[in-house]
1. Using a Cα-Cα cut-off of under 15 Å, which aspartates and glutamates could be cross-linked to K5, ignoring same-chain neighbours fewer than 8 residues away?
2. Relative to the longest principal axis of the C-alpha atoms of the chain, give the angle of the C-alpha long axis of helix 122-132, reported between 0 and 90° and rounded to the nearest 10°.
3. Tilt of helix 53-64 relative to the longest C-alpha principal axis of the chain, in degrees (0 to 90, nearest 10)?
4. Which of these, A78, A161, A111, has the largest mean-square fluctuation under a Gaussian network model of the chain (Cα springs below 10 Å)?
5. Tell me the net charge near A177. Cut-off is 15 Å between Cβ atoms, A177 excluded, with +1 for each Lys or Arg and -1 for each Asp or Glu.
6. Starting from the Cα of V56, step 7 Å along the direction of its Cβ; do the same at D167; then give the gap between the two resulting points in nm.
7. For the chain, what is the mean residue ellipticity at 222 nm derived from helices alone (per DSSP H run of n ≥ 4: -39500 (n - 2.57); sum divided by total residues; nearest 500 deg cm²/dmol)?
8. Subtract the Cα-Cα distance of S139 and C81 from 0.36 nm times their separation in residues, and report this length gain in nm to one decimal.
Amino acid sequence: MEWIKGGVVAPEGFRTYATASGIKKEGLDLAVIHSEKPCTYAGVFTKNVVKAVPVVWNMKQLENHECIKAVIINSGNANACTGALGEKHALISATTLVEQMGLRRDEILLASTGVIGVPLPIECLVGGIGKIVPQLSRSYESGNLSAKAMMTTDTYAKEAAIAIELDGRVITVGGMAKGSGMIH
């Protein structure tokens, strides 16, 4: 096993980019990760009765579909405890990516982190997706921007990638994560 540079874009076929869409008062707050090929995925979800809209969306995706091709990630607003309006905003988010990338809604996951109980400023998210899609890239810099875009109270971006040989083939795994800061 070898640690390599690249984070979420280290595996072949993954592109990403991030922008400051205005969801947060300042800084990066929106990213899209796209895979050129359908990806098999897994999920572990909270058992709490109260679940953010993106959690419920992703649970339904996993229950009904085997593969995804994109993830929309925003910070600054969790789209949690927002009721029917939050569900509408999730649908608008996914539909925006569908229209701009030619994907299907069932190929999209959502990830939101931030303030709870406040409606997601959907116009910021929609406009931000429009800025991101034309700039999706495999570059290390775009991956690092996306890792930064998912930060809330984190002090640094968390990303990693490894390459490992398995049965004579090199397998590359890349990822990013956020820390938790449950205080506002």
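1. E141, E159
2. Between the helix axis and the principal axis of the chain, the angle is about 20 degrees.
3. Its long axis makes an angle of about 50 degrees.
4. So, out of A78, A161, A111, the one fluctuating most is A161.
5. Values: positive: K148, K158, K178; negative: D154, E159.
Within the 15 Å Cβ shell, the charges total +1.
6. Distance between label points: 4.1 nm.
7. Values: 4 runs with 52 residues, N = 184.
Result for the chain, helices only: -9000 deg cm²/dmol.
8. Values: separation 58, 0.36 × 58 = 20.88 nm, distance 3.58 nm.
Stretched out fully, the S139 to C81 stretch lengthens by 17.3 nm.
The values are calculated or read from the model by the stated rules, or taken from the named source; none is laboratory data. Keep in mind the model is a prediction, meaning the values are calculated, not measured. All Cβ positions, even for glycine, are placed from backbone atoms using ideal geometry, and neighbour counts span all protein chains on display. Accessible surface is based on the protein model in full, side chains and every heavy atom, while ligands, DNA and RNA are left aside. Shrake-Rupley method; radii C 1.70, N 1.55, O 1.52, S 1.80 Å.
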